[in-house]
Amino acid sequence: MDIKVIDFNSCNEINKYLELASAKADLIGFNQISALNSLSARKSFCKQLNDLTCYVSLKDDHFHVRLLLVDNWLLLNKNSKLDHKIEDWNLGRLIHTPYDLLCLLGFESLERIQNKIESLESAIDSLEEEVLEKPDKSQQMKIIKLHRKAIRLKKQINEDLSVFIRTKQDTPLWNDLLMSIQSELDNARQLVELMENLREAYQASVDNKSNDIMKFLTILATIFLPINILTSFFGMNFDKMPLIHSQYGMYVLYALIIVLIVITVMAFKRKKWF
């Protein structure tokens with residue numbers, strides 16, 4: 001198999017190989033390849049153009065590989081992040097068919113996916129401890145960002161799995177690749193569910209905090225309610241009021257207030273309200 005590294009945006013380079021394939025199958029134009037190039041900037045996919053030609057795009061945050069399988073050639077876009085690895089694979093005689101290269105690229109992508117999942121799991125664990133111990137507003141944005149990352153990762157794995165299912169070969173290495181990707185897809189789905197559960201836990205923690213504040217204010221208001229009643233009673237503008245002319249009236253009022261506060265606090269403690 002002959003591997004050619006070309007510029008996928010060059011009409012002349014693409015047409016040179018497409019003409020050879022199109023002479024044996026349905027005609028393929030550069031415009032069709034150009035449209036696929038635009039689509040490949042957003043996602044991973046595989047499209048069979050004719051019996052002899054297949055376009056494959058593999059994309060993640062680290063690298064973007066575009067492959068065109070044309071007859072006996074494998075056309076590969078220039079990619080500085082992977083060119084040296086592909087050269088090593090070729091020198092090590094690991095690549096005998098275009099699908100061998102696809103499989104090796106799949107394992108390369110799989111390793112990065114596993115690292116991302118481990119990183120997300122670690123971030124989720126740390127954030128979960130923070131949410132349960134001391135929830136605050138900044139954690140809400142962290143949860144949203146991690147949730148978006150988990151969804152994007154799940155989408156990427158789904159796209160990669162679709163590509164490798166369509167190009168699957170009946171070999172143990174390909175079976176291992178598909179099983180590993182499916183396993184990581186399950187992990188990514190669990191991460192999305194974990195983020196949704198974490199968001200619910202955050203909301204519950206915020207609600208509990210609000211409830212504690214309302215509980216404190218209610219207890220405070222209840223303690224001072226008897227004081228308000230007493231002061232309102234003795235503050236009425238009547239001449240014939242109990243203790244109003246007594247020299248001990250003020251002390252009796254203070255004693256009543258203290259007794260009522262103590263009784264209220266003891267009642268709350270007995271019911272374990274604080």
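Quick test of your reading of the structure: Gln169 fulfils all but one of (1) out of contact with any Lys or Arg (no Cβ under 8 Å at 6 or more places or on another chain); (2) modelled with pLDDT of 90 or more; (3) closer than 30 Å to Glu87 by Cβ; (4) not acidic (Asp, Glu). Name the failing condition by number.
(2)
Sort through Leu225, Leu260 and tell me the only one that's aliphatic (A, V, I, L, M), touching a Pro at 6+ places or on another chain (Cβ under 9 Å), surrounded by 11 or more Cβ atoms within 10 Å (Cβ to Cβ) and modelled with pLDDT of 75 or more.
Just one listed residue meets the conditions, Leu260.
If we scan segment 96-105, do we find a residue that is out of contact with any helix residue (DSSP H, G or I) (no Cβ under 8 Å at 6 or more places or on another chain) and either of a type in the set (Lys, Arg) or surrounded by fewer than 18 Cβ atoms within 10 Å (Cβ to Cβ) (or both)?
Scanning segment 96-105 turns up at least one residue that is out of contact with any helix residue (DSSP H, G or I) (no Cβ under 8 Å at 6 or more places or on another chain) and either of a type in the set (Lys, Arg) or surrounded by fewer than 18 Cβ atoms within 10 Å (Cβ to Cβ) (or both).
Considering only residues that are more than 15 Å from Leu104 (Cβ to Cβ) and of a type in the set (Ser, Thr, Tyr), look in segment 172-212 and name the one that is modelled with the highest pLDDT.
That would be Ser183.
Table: residues versus (1) on the phi > 0 side of the Ramachandran plot; (2) aliphatic (A, V, I, L, M); (3) out of contact with any helix residue (DSSP H, G or I) (no Cβ under 9 Å at 6 or more places or on another chain).
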| site | (1), (2), (3) |
| --- | --- |
| Glu128 | no, no, no |
| Arg152 | no, no, yes |
| Pro172 | no, no, yes |
| Met179 | no, yes, yes |
| Ser183 | no, no, yes |
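Looking at segment 161-218, which of the residues that are part of a helix (DSSP H, G or I) and hydroxyl-bearing (Ser, Thr, Tyr) is nearest to Tyr55 (Cα to Cα)?
By that ranking, first place goes to Ser162.
Of all residues in segment 132-143, which are in contact (Cβ under 8 Å) with a residue 40 or more places away in the chain and surrounded by fewer than 17 Cβ atoms within 10 Å (Cβ to Cβ)?
Leu132, Gln140
Given the structure, is Glu193 surrounded by fewer than 19 Cβ atoms within 10 Å (Cβ to Cβ), over 30 Å from Asp100 (Cβ atoms) and either in contact with a strand residue (DSSP E or B) (Cβ under 6 Å, 6 or more places away or on another chain) or in contact (Cβ under 8 Å) with a residue 40 or more places away in the chain (or both)?
Criteria not met by Glu193.
The values are calculated or read from the model by the stated rules, or taken from the named source; none is laboratory data. Note that this is a predicted model, so its numbers are computed, not measured. Methodologically, a virtual Cβ is constructed for each residue, glycine included, from the backbone with ideal geometry; neighbour enumeration extends over all protein chains shown.
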